[in-house]
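Participant: Provided herewith is a single structure, encoded as structure tokens, for subsequent inquiry.
The values are calculated or read from the model by the stated rules, or taken from the named source; none is laboratory data. From a predicted model like this one, the values you see are computed outputs, not experimental measurements. Positions of Cβ are backbone-derived with ideal geometry, glycine not excepted, and every protein chain shown enters the neighbour counts. Just the protein is used for accessible areas: all its heavy atoms, side chains included, with ligands, DNA and RNA removed. Shrake-Rupley method; radii C 1.70, N 1.55, O 1.52, S 1.80 Å.
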Amino acid sequence: MKGLVCRVLSLVSYRKLERSFCNNVSSSSNPLVSRLLQTPNSQVKTTLDSVDVFSLNNSQFFWDALITSLRCSSPDKARLVLEWKLDKMLKGNGARLDQYCSLISLCGKIQNVPLAMHVFTLMEARGIKPDSSTFNSLICACLCSGDVVTALSLFEIMVSSEDYEPNVETYDTFIAGFSSLGNADAMQKWYAAKMAAGFSANVQTYESLICGSVKARDYDGADRYYEEMMLSGIIPSIPILENVLEGLCKCKKFGQVKEFLKFLLDGGWKINEKMAGKLVRFYCDHRKVDEKEELLETLTKSNQSREVLLQVHCGIIRLHALSDRLDEVEYSVGRMGKQGLSFKHADDVDKVICSYFRCKAYDRLDLFLEHIKGSYTLPRSTYDFLIAGYRRAGLSEKMDSVMNDMKLAGIL
């Protein structure tokens, strides 16, 4: 095969004349990431040479994690790392097809289609023939960048070839790509095309369909795909469960939310922090205190993680604080402490403090602050909030006391 890029560009030009189909759509604890982030761009490749990354770890997981971390903080450094990796592969003169394919996938993570095409061109120049997986990686890189036109052009090349015909991965790549782009209509059409091509749906297919439907706010569609998946005997993935729960919450289906939670727990699933957050927000938004108490009891009995239980405890405290039910606030704070849990976020503490101020219960506020002092360190923002509240209330002595506490804490 020769001149892939030229043929793609030719097909792209033709499509643009025919119609416009393109719908636009941290620093890690890894010491290498931290080092690269502190390194000037001009020294990134030299730094990588000195570290000898290939001797540390050459797994795809390592590179995925490295590029993902760099992409969030410095896209340019992520690109330089991939260029360095490509240079090493070319100098080594022994790179395999799967290594080029992996590098093209990494280009997709940083949404750099030109670099992905460059890798492909150099691979061909080395006499390495592409296969369907290589094209699938290119298509994925295009869809990650929102370049739908080029992705469709690559698919046409695959269809006209006998050496790299579209396979199940090709269709799943398009379904997942349009799911991420929020284009539910295109996603559904590619699902229909996959079935028409004689391929069956798998868990990846349903994950894309359900997540894409929820993203497009097509909650009925998400329910339909979920039921279809369950009838086919496919075990759902965690993202599927998270999105089904989100859809039920968005539609305010209180009974079905409770039934779905029971299904998860009866099936031995663990509720993760993301799911717990959805449940807490759902009941908070609708001021459902009793339901949240029931949720806490259910999750406690099923031995969920401390992080999950803490979210529910804090959600209950927030609800009581918003309604200025100080007795319930204090009971809930005490109950949380007895389970060995303490506040984690300043916003939760600030809501309780605000409730005390509204009720002018200053002595009770002192007791609350004293109670949490051993397990939670007040940030500067909360101290400032206390000072502002006492100033409005005309309590200069309490203001002075807070400022003294700030000095002792090294904040002033």
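Participant: Evaluate the following for L82: is it assigned to a helix (DSSP H, G or I), touching a Cys at 6+ places or on another chain (Cβ under 7 Å) and surrounded by 19 or more Cβ atoms within 10 Å (Cβ to Cβ)? Step through it out loud before you land on a result.
Facilitator: Working: assigned to a helix (DSSP H, G or I): yes; touching a Cys at 6+ places or on another chain (Cβ under 7 Å): yes; surrounded by 19 or more Cβ atoms within 10 Å (Cβ to Cβ): yes.
Yes.
Participant: Could you tell me which of the residues K278, K274, K292, K301 is touching a Phe, Trp or Tyr at 6+ places or on another chain (Cβ under 8 Å) and of a type in the set (K, R)? Spell out how you get there, then give the answer.
Facilitator: Details: K278 fails: touching a Phe, Trp or Tyr at 6+ places or on another chain (Cβ under 8 Å); K274 fails: touching a Phe, Trp or Tyr at 6+ places or on another chain (Cβ under 8 Å); K301 fails: touching a Phe, Trp or Tyr at 6+ places or on another chain (Cβ under 8 Å).
Exactly one of K278, K274, K292, K301 is touching a Phe, Trp or Tyr at 6+ places or on another chain (Cβ under 8 Å) and of a type in the set (K, R), namely K292.
Participant: Still on this structure, I have one more. I'd like the full set of residues that are among the hydroxyl-bearing types (S, T, Y) and modelled with pLDDT of 95 or more, limited to region 161-178.
Facilitator: Those that are among the hydroxyl-bearing types (S, T, Y) and modelled with pLDDT of 95 or more: T170, Y171, T173.
Participant: I would also like to ask the following. Failed condition for S42, given (1) modelled with pLDDT of 90 or more; (2) open to solvent by less than 80 Å² (accessible area, probe 1.4 Å); (3) over 28 Å from the mean Cα position of the chain (by Cα), with all others met?
Facilitator: The one condition S42 does not meet is (2).
Participant: Then there's this: Return the only residue of F368, F385 being touching a helix residue (DSSP H, G or I) at 6+ places or on another chain (Cβ under 8 Å), open to solvent by 50 Å² or more (accessible area, probe 1.4 Å) and modelled with pLDDT of 95 or more. I'd like the intermediate steps shown before the answer.
Facilitator: On the way: F368 fails: open to solvent by 50 Å² or more (accessible area, probe 1.4 Å).
Of the residues listed, the single one that is touching a helix residue (DSSP H, G or I) at 6+ places or on another chain (Cβ under 8 Å), open to solvent by 50 Å² or more (accessible area, probe 1.4 Å) and modelled with pLDDT of 95 or more is F385.
Participant: Tally time: how many residues in region 288-306 are part of a loop (DSSP other than H, G, I, E, B), at negative phi and among the polar types (S, T, N, Q)?
Facilitator: Residues of region 288-306 that are part of a loop (DSSP other than H, G, I, E, B), as a first pass: 288, 302-305.
The next check asks that each one be at negative phi; those that pass are 288, 302, 304-305.
Within this subset, residues satisfying the condition of being among the polar types (S, T, N, Q) are 302, 304-305.
Number satisfying all stated conditions: 3.
Participant: Just give me the residues in region 321-349 being among the hydrophobic types (A, V, I, L, M, F, W, C) and within 35 Å of the chain's Cα centre (by Cα), in sequence order.
Facilitator: A321, L322, V329, V333, M336, L341, F343, A346, V349
Participant: In this structure, does V352 turn out to be on the phi < 0 side of the Ramachandran plot, open to solvent by less than 80 Å² (accessible area, probe 1.4 Å) and within 35 Å of the chain's Cα centre (by Cα)?
Facilitator: Spelling it out, V352 is indeed on the phi < 0 side of the Ramachandran plot, open to solvent by less than 80 Å² (accessible area, probe 1.4 Å) and within 35 Å of the chain's Cα centre (by Cα).
Participant: Quick one: count up the residues across region 318-327 that are over 22 Å from I271 (Cα atoms), open to solvent by 30 Å² or more (accessible area, probe 1.4 Å) and part of a helix (DSSP H, G or I). So that I can check it myself, show each step before the final result.
Facilitator: The initial filter retains those residues of region 318-327 that are over 22 Å from I271 (Cα atoms), namely 320-327.
With the extra rule that they be open to solvent by 30 Å² or more (accessible area, probe 1.4 Å), the set shrinks to 322-325, 327.
If we keep only those that are part of a helix (DSSP H, G or I) too, we end up with 322, 327.
Of the residues in that region, 2 qualify.
Participant: A further question on this structure: Does any residue of region 265-280 turn out to be assigned to a helix (DSSP H, G or I), farther than 21 Å from V333 by Cα and over 21 Å from the mean Cα position of the chain (by Cα)?
Facilitator: Kept after step one, since they are assigned to a helix (DSSP H, G or I), are these residues of region 265-280: 265-266, 273-280.
From what is left, the residues that are farther than 21 Å from V333 by Cα are 265-266, 274-275, 278.
Keeping just the survivors that are over 21 Å from the mean Cα position of the chain (by Cα) gives 265-266.
Yes, region 265-280 contains a residue that is assigned to a helix (DSSP H, G or I), farther than 21 Å from V333 by Cα and over 21 Å from the mean Cα position of the chain (by Cα).
Participant: Something else: Take region 282-317 and flag every residue that is open to solvent by 50 Å² or more (accessible area, probe 1.4 Å) and in contact with a helix residue (DSSP H, G or I) (Cβ under 6 Å, 6 or more places away or on another chain).
Facilitator: E291, E307, Q311
Participant: So, one more: Restricting the search to region 227-253, which residues are of a type outside the set (G, A, S), in a helix (DSSP H, G or I), open to solvent by less than 70 Å² (accessible area, probe 1.4 Å) and under 28 Å from D290 (Cβ atoms)?
Facilitator: Hits for region 227-253 are L241, E242, N243, V244, L245, E246, L248, C249.
Participant: Any residue in region 184-205 that is closer than 27 Å to R79 by Cβ and surrounded by fewer than 17 Cβ atoms within 10 Å (Cβ to Cβ)?
Facilitator: Of the residues in region 184-205, the ones closer than 27 Å to R79 by Cβ are none.
Checked region 184-205: no residue is closer than 27 Å to R79 by Cβ and surrounded by fewer than 17 Cβ atoms within 10 Å (Cβ to Cβ).
Participant: Also: What is the residue count in region 212-223 for residues that are in a helix (DSSP H, G or I) and open to solvent by 30 Å² or more (accessible area, probe 1.4 Å)? Quick ask: steps written out before the conclusion?
Facilitator: As a first pass, look at region 212-223 and keep what is in a helix (DSSP H, G or I): 212-215, 219-223.
Going one step further and asking which of them are open to solvent by 30 Å² or more (accessible area, probe 1.4 Å), we end up with 215, 219-220, 223.
Here the count works out to 4.
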